[in-house]
Amino acid sequence: MIRVLLAEDQGMTRGALALLLGLEADIEVVAQVAAGDEIVDAALLSRPDVALLDVELPGLSGLDAAALLRDEVPDCRVVVLTTFGRPGYLRRATEAGAAGFLVKDGPVEELAATIRRVLTGETVVDPALAAAARSSGPSPLTARECDVLNAAVDGATVADIAGKLHLPESAVRNDLSSAIDKTGARDRMEAVRAARQQGWL
């Protein structure tokens with residue numbers, strides 16, 4: 001049996017996926033979690049062969065959790081699922097060591113086949129998303145610009161961001177200005193939205 005961990009914050013979707021995967025003769029869902037910060041503990045406890053991770057989870061994103069799983073449970077293969085096929089997500093998932101990347105609206109048979117394929121060592125990526133990622137190029141934002149934009153999400157002031165990230169206010173202003181320029185935005189909130197739409201954050 002292929003042991004699967006399922007991380008999805010929407011209860012109905014998580015339940016439906018678990019039920020449908022459970023109908024496969026060779027797949028058993030051994031753990032289900034609703035938040036990203038529950039993934040590693042659940043994986044250490046249940047020892048899945050494959051973890052199916054939604055990108056957008058409360059607590060910790062599926063992309064960040066994928067990187068932690070790579071370090072903490074290296075024998076677990078990761079397949080990232082997303083509602084939004086953003087090229088930046090694919091790049092980040094690959095960097096985090098994910099073996100698969102699928103858009104959620106595909107058939108469950110495709111998901112089951114992907115689970116089997118990643119266990120044989122294959123990397124499986126939604127073809128349309130792979131093509132979009134190739135044409136979009138890498139994120140223009142530096143790691144610190146991403147940190148500053150993430151810290152600005154809730155309307156935090158420059159002083160708040162500087163305190164949170166332990167940076168001088170002048171550096172925060174420069175990073176915000178650079179990120180706004182690189183995203184073609186008019187202000188920091190628009191820059192956050194633009195970066196999220198591209199999957200850079």
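Laboratory data are not the source of any read-out in this text; all were calculated from the coordinates shown. As the structure is a computational prediction, the values presented were derived from the model and not from experiment. FYI the Cβ positions are ideal-geometry reconstructions off the backbone, even for glycines, and counts take in every protein chain you see.
Data table
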read-out	value
Fully extended contour minus Cα-Cα distance, from Ala143 to Asp71, at 0.36 nm per residue	23.9 nm
Highest-first arrangement of 30-39, 57-66, where packing means the average Cβ count within 10 Å	57-66, 30-39
Potential extension, Asn150-Asp181 segment - 0.36 nm per residue separation minus Cα distance	9.5 nm
MRE, 222 nm, helices only [DSSP H, n ≥ 4, -39500 (n - 2.57), over the chain, to nearest 500]	-16000 deg cm²/dmol
FRET efficiency, 1/(1 + (r/R0)^6) with R0 35 Å, evaluated for Leu23 and Arg193 via beta carbons	0.35
Label point distance in nm, Asp9-Asp105, each placed 7 Å from Cα along Cα→Cβ	2.1
With Cα atoms, 0 to 90° folded angle of helix 143-152 axis to the chain main axis	80
10 Å-binned pair-distance histogram of segment 1-90 (Cα, whole percent)	19, 54, 26, 1
Using a Förster distance of 35 Å, the FRET efficiency for Met1-Glu95 (Cβ separation, nearest 0.05)	0.70
Computed lengthening from Ala34 to His166, 0.36 nm per intervening residue step minus Cα-Cα distance	44.4 nm
Low-density loop positions, trypsin sites (Lys or Arg not before Pro), segment 152-201 - DSSP coil, at most 11 other Cβ in 10 Å	Arg186
